[in-house]
Amino acid sequence: TNPGFVVRITQAGLDYAHQHGIAILEKQLAQLRLPDISGDSRVLHMRKVHYELSRLRLRDFQLPFSRITPMAGVGLQISISNAFAELDGDWRVKFLFVRDHGSFNLKVENVYIKIILRLGSDTAGKPTVSSSDCSTRISNVQVLFSGKFGWLYNLFHSVIESRFRKILEDKVCDNVAKSVHTELQTYIQTLPVTAKIDAKTGIDYSLVAPPRAAAQSLDVDLKGEFYSLAHRSTAPFSPLPLAFPSDHDHMVYFGASSYFFNTAGFAYHKAGALVFEITEAMIPKDVGFSLNTSIFSAFVPQLEKMYPNMPMKFRLSTPTAPFLTIGPGGISLKPIVDAQAYAILPNSSLAPLFLLSLVRNVSAVINVRSGHIVGSLDVGRLKLFLPLSPPQVRMMQSLMNILASSTLLPRLNARLEEGFPLPLPDRIQLSNILVRFHQNFLLLGADVHFQPQ
C-alpha cells in the first residue's frame, strides 16, 4: 500500500545524525575494557621470555575522519579512517635471571573501521537498526616500555604489538555492536508510532515498510492515518502515490498526503466530534442581534405564532466526513453542513424548527510549530439552497455567516492552533521551516537540532 505520510532524511540530515553518533561512539570506545595479557615468547636460542601486561587503561580514542553513506537495499554504511588511540598499563617480565617491571605506553594509529547498519521495522511498526557487519583494520601499533633493559623489550615487542592489534580489532567491533543496540536502537525506538491527539482520536505513524536508502537520502514510509479511539475502522479511500521533489536543502522533509488529512476528517466524523452547537451565550455582544425566534420569523412566519420570542440554538453537523484536496495552490475543501434549528422551551426541552443545508468554501493555512502541524481556516461565504425569494436568501445567508464566523470558526481554529504531532524521536527540535503544496500532498522541510540529555 502507498504510505499516507513520508519522512525523507537527506544527506545533510544523515551527516548531522552521524556527527552525534560518532561523538557517542568515541565516548564508548574510550571506555573499552581490555583484558590482561600474558604469555611466553621465545628469543635468543629459543630461550623463553615470560611477560605479563596488566591494568590496561585506554586514555583516548579519536575518530577524526568518518562519513555516512546510504546503501540501497540495506541501510547505511559508516566509514571511519585514520582513527587513533592511546593506552598505558603495567608490565612485568621474567627472562633467565632477569626480572623487571614498570609501565608502558601504547599508540594505535591508522585505524580503519567499516560499519554496516541494517534498517528494518518490527511487528509494531517501529524502526529497527542493527550492526550487520563490522570490520576493523589497524595499520600501526607501537609499544614503548619504560625500564633498564631496553634490548630485552625489543626482542618481544613485535609479539605484544601483534596481540594488541588482534584484541583491539575484535574489541572495537564488539563495542560498535553494543553501542548500536544500547544507544542507537534504543533511541530510534522513541519514534512514536501512535500518538493520542485528544479524547477522541489518535494518529498511526507505524512503518509500512523498512526504510529505503537512495543515493542521497533515506525515505521512511509511514501509515499516516488518523483513527477514532472508540471506533477504529478502515477509511473508505486509499492513499495516492507521493511524487516527492528532489529537494535537498533541508535536513528532513515530511510529506503529508491528502489521505493523511482526510482520515482526520473521517476519524473525527466517526467519533461524533464534528457536531457543534451555537447558543445565545456564544455570540459576541458586538454582533448586534439575539438568537431567538423573532429574528427568524421573517423567513418562517409561523415561528412567531408557535414559539413567540423564544431563545434558539443551532446544532451543526456534517452528514458525511469532509473531504479536502491538496494542489499547488494549497488546501481547499467544500464541506456540507446541516444546521438544525431548535426553540428552547421554558422547561429547557428543545423543539425542532427547521433544517438548513449549508455549503461553504474553506481554505487552510498550514505551518509547523514545536514539532506540530498547526493551521487555521479561512472561509468564504455560506451558500443556502432554500425555497425563498432572493432577498430572503441573502438575509438568511448573512445571518448564518455571522453566526458561523463569530462562533464556529474561532472554535475550529483554536483546535487547529494546538496542532497535530509530527513523527519525531525524543529531543528533536525543528527550525528553518519550509511549507510547500504539491499535487495530493503537503511538503514540509526543516533543519534538525538534537538536544543531548
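The values are calculated or read from the model by the stated rules, or taken from the named source; none is laboratory data. As the structure is a computational prediction, the values presented were derived from the model and not from experiment. Ideal geometry is used to build each Cβ from the backbone, glycine not excepted, and the neighbour counts take in all protein chains shown. To get the accessible areas, we keep the full protein, side chains included, count just its heavy atoms, and leave off ligands, DNA and RNA. Shrake-Rupley method; radii C 1.70, N 1.55, O 1.52, S 1.80 Å.
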All positions within the stretch 301-336 that are open to solvent by less than 30 Å² (accessible area, probe 1.4 Å) and among the β-branched types (Val, Ile, Thr): Thr318, Ile326, Ile331
Flag for Ser246 being touching a residue at least 60 places away in the same chain (Cβ under 8 Å), open to solvent by 50 Å² or more (accessible area, probe 1.4 Å) and part of a loop (DSSP other than H, G, I, E, B): no
Scan of the stretch 339-360 for residues that are surrounded by fewer than 14 Cβ atoms within 10 Å (Cβ to Cβ) and either modelled with pLDDT of 90 or more or not assigned by the TED database to the domain that holds Asp378 (or both), ordered by number: Leu345, Pro346, Asn347, Ser348, Ser349, Pro352
Members of the stretch 82-100 that are at pLDDT 85 or above, open to solvent by 40 Å² or more (accessible area, probe 1.4 Å) and not charged (D, E, K, R): Asn82, Phe84
Residue match in the stretch 121-136 (condition: assigned by the TED database to the domain that holds Leu34, open to solvent by less than 20 Å² (accessible area, probe 1.4 Å), in contact with a helix residue (DSSP H, G or I) (Cβ under 6 Å, 6 or more places away or on another chain) and more than 24 Å from Arg55 (Cβ to Cβ)): yes
Tally of residues being over 21 Å from Gln11 (Cα atoms) and more than 15 Å from the chain's Cα centre (by Cα) across the stretch 420-441: 5
Enumeration of residues in the stretch 274-286 that are surrounded by fewer than 16 Cβ atoms within 10 Å (Cβ to Cβ) and either in a loop (DSSP other than H, G, I, E, B) or within 40 Å of the chain's Cα centre (by Cα) (or both): Val275, Glu277, Thr279, Pro284
Qualifying residue in the stretch 11-29 (condition: at pLDDT below 95, part of a strand (DSSP E or B) and basic (Lys, Arg)): no
Of the criteria (1) open to solvent by 30 Å² or more (accessible area, probe 1.4 Å); (2) outside any helix (DSSP H, G or I), which one Phe226 fails: (1)
